[in-house]
Each structure stands twice: as structure tokens, then as C-alpha cells.
């Protein structure tokens, strides 16, 4: 009985450590709410580390093409990501119109996009660290495809 408890505790510890590693880059949070009767309410919370892993595991021909297309813009993308990481919280874009509001901001260590209009409300939050890791994976794919 004691042995079984120790095995269960060990498995729980491994699961907790795995979750910690997987969420080390933070989480991507997406919330979509349709403003209509019986409208959808969608919430997705996913480990941000999945984005660079997905790039790394993407089919090589498709990834090579995407990497070649993004290569000329890579210095600007890296500079923007580094600048966002080092900056204070700021609103990059805010658009207000009749019945509409869009805001793109840096809040904490994340890029946050909020959209609110007559039909739906959308919120997306992505850690800048995960964006940086994904850009690094794309750059590595680009250098491998050249």
C-alpha cells in the first residue's frame, strides 16, 4: 500500500513538473463571445510553448517556403519583438468607431488584442517570450533551407 502511494506521488510530481516546463513560456489566452441569443462562448488557454514546437515540427517544404518569404523581414521582426519586450506597457493601436473598439497593446509581458463590436467580443493575449521563440524557430528554418 505504501509503495502504491509512493508511485502515485511520483507520477503526480512528474505530471506537475511536465506542466511547469510546458507552461514556462506562459499561456496563450483566447476568448470569443458572440453577442446574440445562443451565441458561442469560446475560451482557449494553451501553453505558449506549443507555437515554437509547432514550427519545429511543421512539414519541411511548407516551413522552408514560409521561412524564405519571411527572411527579408526578420531583422525588423526581431527588433520589434526585442523592443516590445524591453518597453513599458503601451497601447500600439486603438481604433474607436460607432459600435466598434479595437485595441492592440503590450501589457505585462504579453501582446494583447481586444476587439469589441456589435457582433462579438474577442480577446487574445500572447506572451512576447513565445513570439520571440517562434521567430527564432522560423529563423533557424530559414538558415536550414538556404
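Filter region 41-68 down to the residues that are under 15 Å from the mean Cα position of the chain (by Cα) and in a loop (DSSP other than H, G, I, E, B), then identify the one that is surrounded by the most Cβ atoms within 10 Å (Cβ to Cβ).
Top of the filtered list is 48.
Which one of 16, 9 is at pLDDT below 70, within 22 Å of the chain's Cα centre (by Cα) and either surrounded by 12 or more Cβ atoms within 10 Å (Cβ to Cβ) or in a helix (DSSP H, G or I) (or both)?
16
Output the residue which, of all residues in region 108-125 that are free of Cβ contacts under 8 Å to residues at least 60 places away in the same chain and under 22 Å from residue 42 (Cα atoms), is surrounded by the fewest Cβ atoms within 10 Å (Cβ to Cβ). Even if it seems obvious, please write down each step before you answer.
Within region 108-125, the first condition is being free of Cβ contacts under 8 Å to residues at least 60 places away in the same chain, and the residues that meet it are 108, 111-117.
When the remaining residues are screened for being under 22 Å from residue 42 (Cα atoms), the result is 111-117.
Working: 111: 18, 112: 18, 113: 17, 114: 17, 115: 17, 116: 17, 117: 14.
Among them, the one singled out is 117.
Of the conditions (1) in contact with a strand residue (DSSP E or B) (Cβ under 9 Å, 6 or more places away or on another chain); (2) surrounded by fewer than 15 Cβ atoms within 10 Å (Cβ to Cβ); (3) in contact (Cβ under 8 Å) with a residue 60 or more places away in the chain; (4) under 22 Å from residue 28 (Cα atoms), residue 91 fails just one. Which one is it?
Every condition holds for residue 91 apart from (3).
Mind checking which residues of region 69-106 are part of a strand (DSSP E or B) and more than 19 Å from residue 132 (Cβ to Cβ)? So that I can check it myself, show each step before the final result.
Applying the first criterion (part of a strand (DSSP E or B)) to region 69-106 yields 90-97, 100-106.
Within region 69-106, 91, 93, 94, 95, 96, 97, 100, 101, 102, 103 meet the criteria.
Checking residue 100 against (1) touching a strand residue (DSSP E or B) at 6+ places or on another chain (Cβ under 8 Å); (2) modelled with pLDDT under 90, only one condition comes out false. Which one?
It is condition (2) that residue 100 fails.
In the list 44, 28, 32, which residue meets the criterion of being under 15 Å from residue 134 (Cα atoms) and at pLDDT 90 or above? Can you show your working first?
Values: 44 fails: under 15 Å from residue 134 (Cα atoms); 32 fails: under 15 Å from residue 134 (Cα atoms).
Going through 44, 28, 32 in turn, the sole match is 28.
The values are calculated or read from the model by the stated rules, or taken from the named source; none is laboratory data. Quick caveat, the model's predicted, so the values are computed rather than measured. Ideal geometry is used to build each Cβ from the backbone, glycine not excepted, and the neighbour counts take in all protein chains shown.
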